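Undergrad: Handing you this structure, nothing more for now.
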Amino acid sequence: MKTRHVLSLMLGLLATQASALIVSGTVDGTVTADTRVSGWVVSPFGQPVQEIVGVPVQGNRFSMEIPIAAPTARAQVALTPQNVSWPGVIDPVAVSGQVQSAELRFFTYRDLNNNGRRDDAEPLREVAAQAGRSTLFIVWVNGDVTVKANKGYVAQVKRGWNAFLVDVGRAVSLRPFAADIGVTVRLNR
């Protein structure tokens, strides 16, 4: 009986850890019927490499589920102090271990042929997802790691997808993002 209870508890904890990340919110700006919000893994220089998720905008609202699966190997990079260009990071940067990582950024595009995915002829436009003054930052790593930088920046990143709200001021603070926090994507800046 005890073994069954412990096994159930362990399976419950594993299910919680493996749950997908949900990002929902509104799009501020002129939205057409073919507008989509998408999450892309980007290179350390910000170029889109792999679309992870894309959803249509309906009534200026969207909701996307970041898949649990790791990005493709070509979308991953070794996390080093030289290639950490995350929001709020100011040199000097320290990385506690050797891991592969992938940063996810948000883009919009018009799905002109209505096929539910982005094609080469459909230009991407990078947008920030914000909750109030905080910027939503999402990163995947293949192992636990801590990234530290100037102004008190400390990100304790766990294996898999991680989401933080980043506030930059005299100091930089990070707090965990939760699915019940709505974000806003602004199209017209």
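Undergrad: Simple spin-label model, 7 Å along Cα-to-Cβ: ALA20 to ARG170 in nm?
TA: 4.3
Undergrad: How much of VAL168 can a 1.4 Å solvent probe reach, expressed as accessible area in Å² and rounded to 10?
TA: My reading of the accessible area for VAL168 is about 100 Å².
Undergrad: Enter the accessible area per residue of the chain (Å², integer; probe 1.4 Å; all protein chains in place).
TA: Solvent-accessible surface per residue comes out at 56 Å².
Undergrad: Also, I was wondering about something else. For the residue pair ARG117 and SER63, what label-to-label distance in nm results when each label sits 7 Å from Cα along the Cα-to-beta-carbon direction?
TA: 2.5
Undergrad: Based on the Cβ-Cβ distance of ARG133 and ARG74, what FRET efficiency does E = 1/(1 + (r/R0)^6) give at R0 = 35 Å, to the nearest 0.05?
TA: Efficiency, rounded to the nearest 0.05: 0.50.
Undergrad: Considering only protein heavy atoms and a 1.4 Å probe, what is the carbon-and-sulfur percentage of the accessible area of the chain?
TA: Ligands and nucleic acids excluded, carbon and sulfur give 53 percent.
Undergrad: Please compute, for the alpha-carbon atoms of the chain, the extent along each of the three principal axes and give them in descending order in Å.
TA: Per principal axis, max minus min of the Cα coordinates gives 54, 49, 33 Å.
Undergrad: Another question about this same structure. Starting from the Kirkwood Rh over alpha-carbon pairs, what translational D in µm² s⁻¹ does region 48-114 have by Stokes-Einstein at 25 °C and 0.890 mPa s?
TA: Value of D from the Cα-based Kirkwood radius: 167 µm²/s.
Undergrad: I would also like to ask the following. Dividing the alpha-carbon radius of gyration of region 86-132 by 2.2 N^0.38 Å (N being the number of residues), what value is obtained?
TA: In units of the globular-protein estimate, region 86-132 measures up at 1.71.
Undergrad: Could I ask something else about it? Kirkwood hydrodynamic radius for region 67-150: how many Å is it when counted over pairs of different Cα atoms?
TA: With all distinct Cα pairs of region 67-150 included, I get 15.1 Å.
The values are calculated or read from the model by the stated rules, or taken from the named source; none is laboratory data. Quantities reported herein were computed from a predicted structural model and do not represent experimental measurements. Positions of Cβ are backbone-derived with ideal geometry, glycine not excepted, and every protein chain shown enters the neighbour counts. Remember, those area values only see protein heavy atoms, side chains included, never the ligands or the DNA or RNA. Shrake-Rupley method; radii C 1.70, N 1.55, O 1.52, S 1.80 Å.
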